[in-house]
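> Got a structure for you, questions after.
The values are calculated or read from the model by the stated rules, or taken from the named source; none is laboratory data. These numbers come from a predicted model, not from an experiment. Every residue, glycine among them, receives a Cβ derived from its backbone with ideal geometry; neighbour counts consider all protein chains shown. Remember, those area values only see protein heavy atoms, side chains included, never the ligands or the DNA or RNA. Shrake-Rupley method; radii C 1.70, N 1.55, O 1.52, S 1.80 Å.
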Amino acid sequence: PVMKSPRWGLSLSLWGLSNALVIYSTRDHDKPFRAWRSNVNMKLADNGILGVGVIGAGRIGLVHLEALSSCEVADAVIISNPTISKAEAAAAKYKLAAFSDNAMDVIKHPDVEAVWICSPSQFHAEQIQACAAAGKHVFCEKPIATNLAETLAAINACNDRGVKLMTALQRRFDPNFKRVKQAIQKGEVGETVQIKLCSRDPAPPPLEYVRGGGGIFKDMAVHDLDMARFLMGCEPVEILASGSCNIDKSIEVLPGPEAYDTATIVMRFENGKEAMIDVCRKAPYGYDQRAEVLGRKAMIMTDNTYPNTARIFSRDFTGNADMPFDFFMSRYKEAYVQETLAFVYSLVNDKPAPCSGEDGLIALVMATAAGISAEENRWVKFSEMAPFLCNLSTDMKSLTPEECSVEFTLPSGALNYYKVLYKLGIPA
């Protein structure tokens, strides 16, 4: 049932949309993958505010409610959660008009024009398709789905109905990573030589989270794989990955990459350069998220984010007074705000989603290739992924794996995503 909450006025912030939107194309020399003009007329409320519904009142749902409260032209009006007490508490805290235990109440709400999907990963694809059928734009936490077929179905559902779909890869909006990208684009570091990314969590997730999540490459390293592609500005051609279990032995019984809590990745790109990634589910000193780009002129790197800049100098210690942030909600608070503002801006002004469903699909292709590499202990060429994509289309199933690889691989060795996505029914 839909329950009504007490109603208060809009919470406005000092953040303006004019300062929020910095959209970077992943491939600096290419246009966006999809036709982005919306077929859905944006009604907006009489006061010019975009009505938003939120599915999921867990940790990430609350993060996005907080971010939405910072947006002057968006108003969260309803939230759902299977445990309705969580939805009720979120509605009270963030002054939403209604709450429910049913996601469809959010999707079908007459005042909702865009839905933020913050539910467990296994529900994402189905909920995206339900939003598309209802003509509602979609902001979806990663991943869109844990397999390529469901991901494709969700993207095509949105394209068929002319609704925008944004994949929430929030690191692209983090001020630290954005500054690294700007240094590359402005030529401050010169030609890129190599990229290094480090991602370590303060504590491993529970077994229930890991089971069915697709493994460390899909539920964790996918952010780093996307960031490597984002910073390099071109497509990968081959990948080498390895994984092991060093922290939580309870997950060793799980299949494939789900049994890994530590992994190392090397990815070679079509410009001949490489990115190195290391991920681990536990770092005893806190949340460790760093990037480094070595160029021919200079090197740029980011440090971890701390609650303050205070440092202690004593006989026995010199360094930060406090540990770095130990939770992603604190570490990426500003990134969540900026990605929210950017998507709302794209809806209100009918601009491309700044991080598209296609970006999410490509990130999943990279994560899938990493898993194959780790399981088979070898380099995997991305041309080998072409047959997996061909099998998703009835028009391309007749091709042999060799024919598919030749048809959809560029001379550089990268997948021709424009051609593949066009054949899969996703407009280029």
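Listed here are the residues, each with its yes/no results for (1) part of a helix (DSSP H, G or I); (2) farther than 20 Å from residue 177 by Cβ; (3) under 15 Å from the mean Cα position of the chain (by Cα).
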{"position": "213", "(1), (2), (3)": "no, yes, yes"}
{"position": "234", "(1), (2), (3)": "no, no, no"}
{"position": "251", "(1), (2), (3)": "yes, yes, no"}
{"position": "257", "(1), (2), (3)": "yes, yes, no"}
{"position": "268", "(1), (2), (3)": "no, yes, no"}
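> Right, another one. Just to verify a result, which residue in segment 120-142, among those that are surrounded by fewer than 23 Cβ atoms within 10 Å (Cβ to Cβ) and of a type in the set (Gly, Ala, Ser), is nearest to residue 223 (Cα to Cα)?
Among those that are surrounded by fewer than 23 Cβ atoms within 10 Å (Cβ to Cβ) and of a type in the set (Gly, Ala, Ser), it is 121.
> Looking only at segment 270-298, count how many residues are among the hydroxyl-bearing types (Ser, Thr, Tyr) and open to solvent by 60 Å² or more (accessible area, probe 1.4 Å). Break it down stepwise before answering.
Of all residues in segment 270-298, those among the hydroxyl-bearing types (Ser, Thr, Tyr) come to 285, 287.
From what is left, the residues that are open to solvent by 60 Å² or more (accessible area, probe 1.4 Å) are 285.
Of the residues in segment 270-298, 1 are among the hydroxyl-bearing types (Ser, Thr, Tyr) and open to solvent by 60 Å² or more (accessible area, probe 1.4 Å).
> Any idea which of (1) under 21 Å from residue 161 (Cα atoms); (2) without any contact (Cβ under 8 Å) to a residue 12 or more places away in the chain; (3) of a type in the set (Gly, Ala, Ser) is the one residue 398 doesn't satisfy?
Condition (1) is where residue 398 drops out.
> Still on this structure, please answer the following. Could you tell me which residue of segment 243-269 is least open to solvent (accessible area, probe 1.4 Å), considering only residues that are in contact with a Cys (Cβ under 8 Å, 6 or more places away or on another chain) and more than 20 Å from residue 223 (Cα to Cα)?
Across segment 243-269, the extreme among qualifying residues is 251.
> Does segment 322-343 contain at least one residue that is open to solvent by less than 50 Å² (accessible area, probe 1.4 Å), touching an Asp or Glu at 6+ places or on another chain (Cβ under 9 Å) and outside any helix (DSSP H, G or I)?
Within segment 322-343, one or more residues are open to solvent by less than 50 Å² (accessible area, probe 1.4 Å), touching an Asp or Glu at 6+ places or on another chain (Cβ under 9 Å) and outside any helix (DSSP H, G or I).
> Only one residue in 92, 35 is at pLDDT 95 or above and surrounded by fewer than 16 Cβ atoms within 10 Å (Cβ to Cβ). Which one? Break it down into steps so the answer makes sense when it comes.
Values: 35 fails: at pLDDT 95 or above.
Answer to the check: 92.
> What's the number of the condition residue 349 fails, among (1) modelled with pLDDT under 90; (2) within 22 Å of residue 147 (Cβ to Cβ); (3) open to solvent by 60 Å² or more (accessible area, probe 1.4 Å)?
Of the numbered conditions (1) modelled with pLDDT under 90; (2) within 22 Å of residue 147 (Cβ to Cβ); (3) open to solvent by 60 Å² or more (accessible area, probe 1.4 Å), the odd one out for residue 349 is (2).
> Filter segment 68-120 down to the residues that are in a loop (DSSP other than H, G, I, E, B) and under 19 Å from residue 164 (Cα atoms) and list them by number.
71, 73, 108, 109, 110, 111, 112, 113, 118, 119
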